[in-house]
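Okay, structure first, notes after.
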Amino acid sequence: LGPSRRSPPLPGTRGAVQLGSRAQGLRRPLGAAMSGVKVAVLGPGMMGCGIAACAAAGGPHEVRLWGRRPEAAEAGARRATELVEFLASNGVAAPRCGRVVAVSTLKEAVEGAEFVFESVAEDLAVKQALFAEIAGLCGPAAVLCTNTSSLPVSAIAEGCAGAAAARVIAAHFIGPAHLVPLVEVCPSEQAAAAIAALPDAAAGPVERVRNFLLGIGKKPAVLKKEIDGFIAARLQAALYRECLHLVESGVADCEAVDGAVFNGFGRRLNQIGPFIQADFAGVDLVQRTHATFFPQLGAYQRDVRADALVQEGRTGVKALRGHYDWTEQTAKATAGRR
């Protein structure tokens, strides 16, 4: 296997992105699209706190944060409020911010809410049970959003009885949710069918949540149909699979491959995507280079490197060893750049 025993490589300091500058890069008009609405966030973990902060920082919205343990909800509300203050201090919050309030019951969280964002454990049975419960507590127009990253949205919607399933969609935030603009929006099959029957799709749950997300400063990407992993996770997996192929084929080590990303083409990926880059490079040129490269790309069906690393107990930063050997200091320094 030969995992790198070195410390992880650091990108050059020239042009390096720090947390504050990331927030500065988020400058955009906020809160102008709609007056304050009631928003429920279910799950006070890292993602739930970030989602709650986005909603509160994006306008005068009333954000209710629920957790199964009241003390967790209270702690989550405090953390979300800190994030709102951070965004405001960096000039990337709305002129009038909302507030995040911890609540102890689901009924209190979702009653009267226009949008519900679920961010609980990534377990289908858990999510189905939660959606079954909130479907009977919400108003008939509430949009029910799941933050799942890997579970089928339509399967989650099956937890809802009756017409509520037609209002279930994915609104997948990317961590850290308060900083990353992208939210992947994907209707369940039930919602897609209901939207197709509407005389005006703008009244459907996808357009309603898309407009809300735009109003709080996010950049929603709407999928035309459901697919495992949505867009971003699949693109990351495709890149990782070729990184795996290069290392396993002996072409380069982990350090060289990682460096080629963050010291090279990765620097432009936050401004232009692959199709824009292809247009600027010339579609005819890309056609020729891809004709050469595509047959040579790795086609692994399993992450064989991860299989071997896990067997050795090299599970990543949490074990201070994975593809790289870590210390508490190098892990903390790298976490600050993520």
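The values are calculated or read from the model by the stated rules, or taken from the named source; none is laboratory data. Here the structure is a predicted model, which is why all the values come from computation and not from measurement. Quick reminder, even Gly has a Cβ in these numbers, built from the backbone with ideal geometry, and neighbours come from all protein chains shown. For accessibility, only protein heavy atoms count, side chains too; no ligands or nucleic acids. Shrake-Rupley method; radii C 1.70, N 1.55, O 1.52, S 1.80 Å.
Using a 1.4 Å probe, how large is the accessible area of F265, given in Å² and rounded to the nearest 10?
80
Want the number for R96 to A306: 0.36 nm per residue separation, take away the alpha-carbon distance, what's left? Please report the intermediate quantities before stating the final value.
Working: separation 210, 0.36 × 210 = 75.60 nm, distance 4.65 nm.
My answer for the length gained is 70.9 nm.
Considering only protein heavy atoms, with the full assembly of protein chains and a 1.4 angstrom probe, order R288, R267, R99, R64 by accessible area, largest first.
On the way: R288 140, R267 105, R99 165, R64 25 Å².
Putting R288, R267, R99, R64 in descending order of accessible area: R99, R288, R267, R64.
Excluding residues fewer than 8 places away in the same chain, name every one of the aspartates and glutamates whose C-alpha is closer than 15 Å to that of K225.
Counting by Cα, and skipping residues close in sequence, K225 has these aspartates and glutamates nearby: E184, E189, E207.
As a test of understanding, state the convex hull volume per residue of the stretch 91-243 from its alpha carbons, in Å³. Write down the numbers at each step before the final one.
Working: hull volume 19.8 nm³, N = 153.
Looking at the stretch 91-243, the number lands at 130 Å³ per residue.
Express the carbon and sulfur contribution to the solvent-accessible surface of the stretch 183-338 as a percent, rounded to the nearest whole number, probe 1.4 angstrom. Let's see the in-between values first.
On the way: 5880 of 9840 Å².
For the stretch 183-338, the apolar C and S fraction of the accessible surface comes to 60 percent.
May I ask you to list the lysines whose Cα is less than 17 Å away from that of K318, ignoring any residue fewer than eight positions away on the same chain?
K332
Can you list residues from other chains, or at least 5 along the same chain, whose modelled amide H is less than 5 Å from the amide H of A102?
Those lying under 5 Å, H to H, from A102 are L65.
Please compute the contact order of the stretch 178-280 in relative form: average sequence separation of alpha-carbon pairs under 8 Å and at least six residues apart, divided by the residue count, as a percent. Display every interim value, and only then the final one.
Details: 58 pairs, mean separation 26.1, N = 103.
Normalised by residue count, the contact order of the stretch 178-280 is 25 percent.
Along the principal axes of its C-alpha atoms, what lengths does the stretch 190-266 span, in descending order and rounded to whole Å?
Largest to smallest, the principal-axis extents are 57, 26, 12 Å.
Considering only the stretch 122-262, what is the antiparallel percent among its DSSP beta bridges, to the nearest 5?
On the way: 5 of 12 bridges.
Looking only at bridges with both residues in the stretch 122-262, the antiparallel portion is about 40 percent.
Give the cross-link partners of K107 among the lysines, using a straight C-alpha distance below 21 Å as the criterion and excluding same-chain residues fewer than 8 apart.
Filter leaves K38, K127.
Mind checking which helices in the chain clear 27 Å along their axis (Cα) and have mean Kyte-Doolittle hydropathy of 1.6 or more, DSSP H runs only?
Numbers: long enough: 70-89 (28 Å, -0.05).
Taking the DSSP H segments of the chain (at least 27 Å long, mean hydropathy at least 1.6), we get none.
For a quick check of your reading of the filter: which GluC sites (Glu not before Pro) in the stretch 244-338 sit in a DSSP loop and have no more than 12 other Cβ atoms within 10 Å?
On the way: sites: E248, E255, E312, E328; in loops: E312.
Hits after loop and neighbour filter: E312.
Taking every pair of alpha-carbon atoms in the stretch 99-160, what share in percent sits in each 10 Å bin, from 0 to the bin with the longest distance?
It works out to 22, 56, 22, 1, in whole percents.
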